[in-house]
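Visitor: Below is the structure I would like to discuss, written out as structure tokens.
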Amino acid sequence: MADNANQSFFNDVCSFFDHAAQYTQHPSGLLDQIKACNSVYRFRFPIRKGDGFEVIDAWRVEHSHHMSPTKGGIRYSEMVNEDEVMALAALMTYKCAIVNVPFGGAKGGIKINTKNYTIAELETITRRYTVELVKKNFIGPAIDVPAPDYGSGEREMSWIADTYNTMNPGQLDSLGCVTGKPISLHGIMGRKEATGRGVAISIRECVDVAEDMKPLGLTPGLDGKRVIVQGLGNVGSNAAKFLIEFGATVVGLCEYEGAIYNEDGLDLKEVMEHRKETGSILGFGGARLQFANPAEGLEQDCDILVPAALENQITSANIDRIQAKIIAEAANGPTSPEAADRFIAKGGLIIPDMYCNAGGVTVSYFEWLKNLSHVSFGRMDKRYDETANKNLVNLVEKLTGVSLSTEQRSLVIRGASELELVNSGLEETMIHSYHDIRHVKNNDNRINDLRTAAFVMAINKIAVSYMNMGIWP
Ligand code: GLU
């Protein structure tokens with residue numbers, strides 16, 4: 001696959017799709033339907049800024065309605081364009097299919113640099129964006145459910161929820177119109193960290209397979225694996241944090257202002273504090289090397305490279321200098337098709353974005369379920385489980401004459417909290433999906449990478465949905 005001459009992200013996603021589609025047996029019409037963006041809504045609205053007005057460009061793309069609602073974040077960035085939103089919406093469709101989250105894919109974009117707007121202006125923009133979506137039936141708990149993405153977070157999601165609620169009085173499930181909300185507004189524990197946690201679990205799962213590590217010259221397990229992370233936003237910083245918790249060593253960090261490296265490991269907390277104080281990772285005392293050009297940071301010696309920033313970071317221009325054996329795509333679309341091909345051809349392994357960063361939408365699904373059921377996870381059974389466990393422990397103690405210490409008792413008795421249930425559901429999803437993808441790859445000797453296998457799996461699942469709808473024979 002060649003690098004895209006016109007730099008179309010959507011075309012990149014389509015070329016990965018087309019490559020995988022040859023290993024499926026669906027009619028070309030059905031494949032075209034799966035691949036196409038069903039609805040592309042482009043709109044503009046004015047906001048008052050300073051003494052005058054400014055016109056804001058915005059999009060919402062619903063890529064696939066094979067399942068409802070559609071789902072995907074809203075990106076706030078100066079770089080947003082229609083092609084990017086279409087690509088990201090398509091990736092959401094495949095992502096949801098891979099991790100068995102029953103949604104179609106969607107994505108939104110607002111073309112602004114958030115740094116140039118006051119909080120009040122950002123609120124106006126977000127509320128007006130939501131009104132525009134409501135007007136066209138592009139939002140709703142059963143229609144299309146936005147979430148955070150680059151440049152947006154809990155604050156924006158609460159403005160969206162409030163605007164939607166105001167415009168839909170009496171709608172019982174209205175809080176399920178958006179996910180990634182703060183806990184106080186019926187969000188869910190663990191959503192914020194979910195994408196980064198899922199990234200770390202996906203890498204742990206991958207490196208635990210001894211058979212797959214051997215050809216890379218790596219020992220199985222995360223212990224001591226050297227990792228470089230690009231991007232210290234919500235996804236990158238949490239991925240780094242959980243990778244360290246699982247035993248890896250973060251040797252390099254890259255941000256837009258530069259990159260730092262220390263082969264013995266960087267203290268993530270200290271780096272984050274240094275950046276908060278000085279506004280930059282550069283000048284961090286614990287770094288042995290630092291680079292004013294952040295791209296150089298990606299090319300340093302490591303086992304695993306985790307691009308957690310934006311798309312198109314690893315291309316034919318730098319792939320030959322990448323020393324990592326594994327690329328774990330925490331961002332959406334960080335590797336161009338040609339770079340991916342070359343990396344695989346030289347024996348590298350890519351954990352594809354549509355699986356690697358699916359932890360966020362997985363926990364969004366749990367949040368949506370919580371909103372529809374109007375009850376938090378664990379509320380009904382936590383105390384019941386504790387009582388049942390207590391009775392069991394008492395009985396065993398009585399029958400065996402062995403008594404547990406206070407700590408042992410509370411460890412065994414304790415019922416699960418919402419956070420523990422969410423994390424358990426997330427871990428199960430990430431582990432299960434990894435082995436599903438690996439199984440598809442290993443079952444067809446024409447497939448030599450996990451992305452193609454993931455696409456084959458996604459295409460087959462979406463095709464079944466269309467067939468079940470009776471749209472295709
Ligand atoms: N924006 C995130 C993604 O790209 C989350 C989407 C969601 O939770 O709906 O996966």
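The values are calculated or read from the model by the stated rules, or taken from the named source; none is laboratory data. Remember, it's a predicted structure, so these values are computed and weren't measured experimentally. With ideal geometry, Cβ positions are generated from the backbone for all residues, glycine too; neighbour counts draw on all protein chains shown. Remember, those area values only see protein heavy atoms, side chains included, never the ligands or the DNA or RNA. Shrake-Rupley method; radii C 1.70, N 1.55, O 1.52, S 1.80 Å.
Visitor: Count the DSSP beta bridges whose two residues both fall in the chain, then state the antiparallel fraction as a percent rounded to the nearest 5.
Guide: Once the DSSP bridges in the chain are tallied, antiparallel ones form about 50 percent.
Visitor: Sum -39500 (n - 2.57) across every DSSP H segment of at least 4 residues in the chain, then divide by the residue count to get the 222 nm mean residue ellipticity, nearest 500.
Guide: -14500 deg cm²/dmol
Visitor: Please report, for the Cα atoms of segment 129-199, the Rg to one decimal and the Dmax as a whole number; what are they, in angstrom?
Guide: Values for segment 129-199 (Cα only, Rg and Dmax): 12.2, 38 Å.
Visitor: Moving to a separate point now. For LEU289 paired with ASP385, estimate the spin-label separation in nm (one decimal), with each label point 7 Å from Cα along the Cα-to-Cβ line.
Guide: Going from the LEU289 label point to the ASP385 one covers 4.6 nm.
Visitor: Hull surface divided by four, with the convex hull built on the Cα atoms of segment 351-473: how many nm²?
Guide: 12.4
Visitor: Let me check I have the definition right: for the chain, take the eigenvalues of the Cα gyration tensor, multiply each by 5, take square roots. What are those semi-axes in whole Å, largest first?
Guide: The answer is 32, 30, 26 Å, longest axis first.
Visitor: Using alpha-carbon positions, what is the distance between the centroids of segment 254-298 and segment 133-167, in Å?
Guide: What the calculation gives is 35 Å, centre to centre.
Visitor: Turning to a different aspect of this structure: Please give me the summed charge of the neighbours of GLN408: other residues whose Cβ is under 14 Å from its Cβ, Lys and Arg +1, Asp and Glu -1. Please list the in-between numbers first.
Guide: Numbers: positive: LYS390, ARG409, ARG414; negative: GLU397, GLU407.
Surrounding charge for GLN408 is +1.
Visitor: Between LEU411 and ALA210, what is the label-to-label distance in nm when each label sits 7 Å out along the Cα-to-Cβ direction?
Guide: The two pseudo-label positions are separated by 2.8 nm.
Visitor: Percent relative contact order of the chain, based on C-alpha pairs within less than 8 angstrom and at least six residues apart?
Guide: Relative contact order here is 16 percent.
Visitor: Once amide H atoms are built 1.01 Å from N in the peptide plane, which residues 5 or more positions from SER152, or in another chain, come under 5 Å H to H?
Guide: Close amide H contacts, sequence-distant or interchain: TYR76.
Visitor: What is the ratio of the Cα radius of gyration of segment 317-405 to 2.2 N^0.38 Å, with N the residue count, to two decimals?
Guide: That works out to 2.02 for segment 317-405.
Visitor: How much net charge surrounds PRO148 when only other residues with a Cβ under 13 Å from its Cβ are counted (Lys, Arg +1; Asp, Glu -1)?
Guide: That sum, taken over residues with Cβ under 13 Å, equals +2.
Visitor: Could you sort the peptides 181-193, 362-374 by per-residue average Cβ neighbour count (10 Å cutoff), highest mean leading?
Guide: In descending order of packing, they fall as 362-374, 181-193.
Visitor: Sticking with this structure for a sec: For LEU419 and ASP51, what is the calculated FRET efficiency with R₀ set at 56 Å and r taken between the beta-carbons, to the nearest 0.05?
Guide: The calculated FRET efficiency here is 0.70.
Visitor: Now for a separate question. Can you pull the accessible area of ARG451 for me, 1.4 Å probe, Å² to the nearest 10?
Guide: It works out to around 10 Å².
Visitor: Tell me, how many Å apart are the Cα centres for segment 168-223 and for segment 19-85?
Guide: 23
Visitor: Using 7 Å Cα-to-Cβ label points, what is the ASP444/ASN100 separation (nm, one decimal)?
Guide: Result: 2.0 nm between the two label points.
Visitor: Among the listed pairs LYS192/LYS214; LYS35/LYS441; LYS95/LYS441; LYS35/LYS192; LYS241/LYS370, which are separated by more than 25 Å between their Cα atoms?
Guide: LYS192/LYS214; LYS35/LYS192; LYS241/LYS370
Visitor: Leaving out ligands and nucleic acids, note down the accessible area per residue over the chain with a 1.4 angstrom probe, in whole Å².
Guide: With all protein chains present, the chain gives 43 Å² per residue.
Visitor: Quick one: Debye curve from the C-alpha atoms of segment 235-376, no solvent, what's log10 I(q)/I(0) at q = 0.16, 0.18 Å⁻¹?
Guide: Here log10 of I(q) over I(0) equals -0.87, -1.04.
Visitor: Assuming R0 = 30 Å, what is the FRET efficiency of GLU397 and ASP223, from their Cβ-Cβ distance, to the nearest 0.05?
Guide: Calculated value: 0.20.
Visitor: Summing +1 for each Lys or Arg and -1 for each Asp or Glu, what net charge is found among the other residues whose Cβ lies under 15 Å from the Cβ of GLY29?
Guide: -1
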